[in-house]
1. Report the semi-axes of the equivalent ellipsoid for the protein assembly as shown in whole Å, largest first, where each axis is √(5λ) for an eigenvalue λ of the Cα gyration tensor.
2. Just the ratio, please: alpha-carbon radius of gyration of the range A:99-178 over 2.2 N^0.38 Å, N its number of residues.
3. Relative to the longest principal axis of the C-alpha atoms of chain B, give the angle of the C-alpha long axis of helix B:531-546, reported between 0 and 90° and rounded to the nearest 10°.
4. Relative to a virtual label point 7 Å from the Cα of B:LYS250 in the Cα→beta-carbon direction, which members of the range B:151-192 show backbone nitrogen distances below 11 Å?
5. Would chain B count as rounded, prolate or oblate if I go by the C-alpha gyration tensor, calling it rounded below 1.5 in a/c and otherwise prolate when a/b exceeds b/c, oblate otherwise?
6. What would the Debye formula give as log10 I(q)/I(0) at q = 0.10, 0.15, 0.17, 0.19 Å⁻¹ for the alpha-carbon point model of the range B:379-507, no solvent?
7. If you count only protein heavy atoms with a 1.4 Å probe, what accessible area per residue comes out for the range B:360-457, rounded to a whole Å²?
8. Pop out the ³J(HN,Hα) list for the range B:393-404 in order, Karplus 6.51 cos²θ - 1.76 cosθ + 1.60 with θ = phi - 60°, rounded to Hz; leave Gly and Pro as x.
Amino acid sequence: MTTTTTAPTSTTVLDATGVTMRFGGLTAVRDVNLTVNTGEIVGLIGPNGAGKTTFFNCLTGLYVPTEGKVAYKGTVLPPKPHLVTQAGIARTFQNIRLFANMTVLENVLVGRHTRTKEGLWSALLRLPGFKKAEEESRARAMELLEFTGLAAKADHLARNLPYGEQRKLEIARALASEPGLLLLDEPTAGMNPQETRAAEELIFAIRDKGIAVLVIEHDIRFIMNLCDRVAVLVQGEKIVEGPAEVVQSDERVIAAYLGTPFEGAPGKEEAAEVEAAEAEAQSTTEGDDK
Amino acid sequence: MTTQTPMDKTTDTTKVSTAPATPIIPLPHAAARALTVAGSALALIGTFLAWTWTDEFPGNLTVTGYPGGLQVLTLVGALLTLLFALSGYGIRGLGWLTPGGKNSPVLLAALGVFGTTGYAMGAISQELGGLVNLEPGAWVSGIGALVAVIGALGLPVDQPYGAQDPTPNLWGRIRHSLTAPEPSRAKDLPSWVEILIIAAGFGVGLYVFAYGIGTEYSELFIGFLIVTAFGFTAVTRAGLLKRLSALTAKHRNVAMAAAFVAAICFPFTQTNDQFALIGANILIFATVALGLNVVVGLAGLLDLGYVAFLGVGAYAAALVSGSPQSSIGVEFPFWAAVLTGAAASLIFGVVIGAPTLRLRGDYLAIVTLGFGEIFRITMNNLNGNSGPDVTNGSNGIPNIPDLEIFGFNLGLPHNVLGTELTRSGNYYLLMLLCTAIVVLVFRRSAESRIGRAWVAIREDETAATAMGINGFRLKLLAFALGASLAGLAGTVQAHVSYSVTPEQYQFAGSVPPNSAFLLAAVILGGMGTISGPLIGAALLYLIPAKLQFMAEYQLLLFGIALMLLMRYRPEGLVADRRKQLEFHETGQLDVPEDKPLPEGATGVAKAGA
Ligand SMILES: Nc1ncnc2c1ncn2[C@@H]1O[C@H](COP(=O)(O)OP(=O)(O)O)[C@@H](O)[C@H]1O
Ligand SMILES: [Mg+2]
């Protein structure tokens, strides 16, 4: 499935220039430039506390960046979350933020808020078109639940879903706003290997719908499989950007992930060791499952 | 550790965690049930005998062969106990009574009988001076009730002990014996049968409610509260309420219509104008509480000054009512007065909401509390002395004339279908129309894009804005809608109470429609529901109105009641529709964390980040 790289006219979807975010004395994001083109899956990696989530918050208007600007398809976005979503950028959250006491279906319906218009009067007087719009929304939402594999649980409360499904629901809810760009903040955190693989498939399917994806992730293998391009954030600064293989073997990236190497100790070997150990661990768990 | 295999049998208690729970009193099952049946039958027979020798105790409990007053309550409770206990024998035709719990309803009903009978015996001896005033009938009922309770405590417990506490102590065991499993989904009946059941359900509800309002002395009301509290819980544990609410959810419009028909019938059952007035006041209180539920229950905005909006509506209506004391000498027709009142509240709501709704949580509560008080103080000061003369200050605007709608003077009694409809009855019906409008507004807005956005804001405002919801605008919309609904109710209230004064619109006071009680009605009844605030308001109005003797301790008792409720039933008396989704979920409700992840799950700790 990785071969279906449909890269049509690659126009720029997201163009962030010089984004800087300071919290008092702490500069969480420093002068980051990043573009995402249509049909692309871009990875954003970096150690904990590197400022990845903060960068997402700057893109989506949850934080007003101290400096820099964010443009979506050529228009500069105001730093207001609802206007950003309206424009076409949707996101998920690292620490799942579903509407816990709403049903799965209702969560997705809320995601459609910007794409529907029925106001209070229309609801109170049940004006013509109200019912039709509601039904259409429901149909669209059910389609998305079908797409993410949650249709059978449409009437469950979001808080009663198992963890992996909560993450899927966050994605379905974000997709409901019919975005041109989807921002995923650690979509596989807390998932087991099978769930992670399912998430990969899902992200490819989203890309094939023509939605560009920018994804934060820790799992290097996941990023390697998925991304056309990877940017690395370390202490708020973007240190490298490029194809996944190139980034993975970059000295600075390894140093950032494993700490500054001891005198002469080659970081690569250690990385390879860790990789091998992880691979082994994974194969044993897989064996158990069968 | 969540697995259920007790490898080590080191625990020296006699029970194993998976063993079924044991009854509180170890009795053979057959003996326990026989005792319960005999006891409740005895209690029932006792109500036909005299309980005391003099009719100085209210309700005349001296007649043999004709139960009256408190005896009727014991009779009803005993009958309920008997039915539930007999249903446990598997008698044909009674099985439908206990689709959920089998024995906990028996125990609850028996406790209810014991409670009222015991209370009645205590009240008689206290008021007449000693136990000698009790006639044998009281002892028969009392001992019968005690026997029934003992028997019910010996009945098998409905559920095994929970996994969290496999060996509870005595108190835990008693509490556990009052719990029951959920009923299974009912078989589908023909629609007309289901509708008849709904109608019967509301009929019983109306009867109980009207009986409560009509209780003439506080002893009877206390007995009524005891029996209904235990009886209602028993019916709930038996699973009947769940069955009924499943039916009402299925035939929602029919249920709604039945509820309103029942409500319309109420004034026709009351010959006493005073009780109809209580009904009208309950409706005013309940309607405003429902309006507040839009703000608090749906949008999650804690508004502590909500009663001010009722006040704005009432003052606006009073000013244009043609009252001789009104500073504006105009008399609007009722429809125009209603629009004026609602519009004034709306404007007031927007003016207060626009600056404050940008604040979050606690700040909003404090600011609205302040604005509520400012309204009252301003009304006090616009007296011509410390300000322009608009409201007559603390004297308020008295002599508000009665309404006349289509030539129908609401101030006069009318003869409708052979029954006398009093002034309060008229206003009750007018207010009921208002309630219907508010119910409709609540329901329709809740089930729309706007309502979902409100709930989303309540659940997680940040996530809601990230979903494209303009938080400020929608909160303002909820605030303004809530305000206008209160204003609407205020326009009727002004006429019902003849006069408006600033003291009617306090934060906390002894007469119900005040901000604290409104909020309590919403929380006690059940946030985000329609019937919750209505029931909550009815209880909060009736209890202080009927129990005048405890007026001094009213706020204290109110606080204690609220604390107990929050401890034992935080979702309120009526659970949200969303909380009723338990039907879909087997055993995993409320405990998603406890669900063990599949083997090999990684990074759970990381996920918490
Ligand atoms: N609202 C905030 N106020 C102050 N500091 C913040 C805030 N949000 C994030 N930070 C800081 O910014 C840094 C980057 O955090 P974050 O973006 O969450 O990292 P990442 O997502 O890459 O793990 C951290 O040091 C964090 O403490
Ligand atoms: Mg992060």
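The values are calculated or read from the model by the stated rules, or taken from the named source; none is laboratory data. Bear in mind that the values here come from a model prediction, so they are computed numbers and not experimental data. Using ideal geometry, Cβ is built from the backbone for each residue, glycine included, and neighbour counts are taken over all protein chains shown. In case anyone asks, the SASA skips ligands and DNA or RNA and just uses the protein heavy atoms, side chains included. Shrake-Rupley method; radii C 1.70, N 1.55, O 1.52, S 1.80 Å.
1. Values: eigenvalues 658, 311, 102 Å².
Output for the protein assembly as shown: semi-axes of 57, 39, 23 Å.
2. Numbers: Rg = 12.9 Å, N = 80, 2.2 N^0.38 = 11.6 Å.
Expressed relative to 2.2 N^0.38 Å, the Cα Rg reads 1.11.
3. 90 degrees
4. Residues B:185-192 qualify, since their backbone N sits under 11 Å from the label point.
5. Details: a/c = 2.07, a/b = 1.29, b/c = 1.60.
Note, shape of chain B comes out oblate.
6. -0.54, -0.89, -0.96, -1.04
7. Values: 4490 Å² over 98 residues.
I get 46 Å² per residue for this part.
8. x, 6, 6, x, 10, x, 6, 6, x, 6, 7, 10
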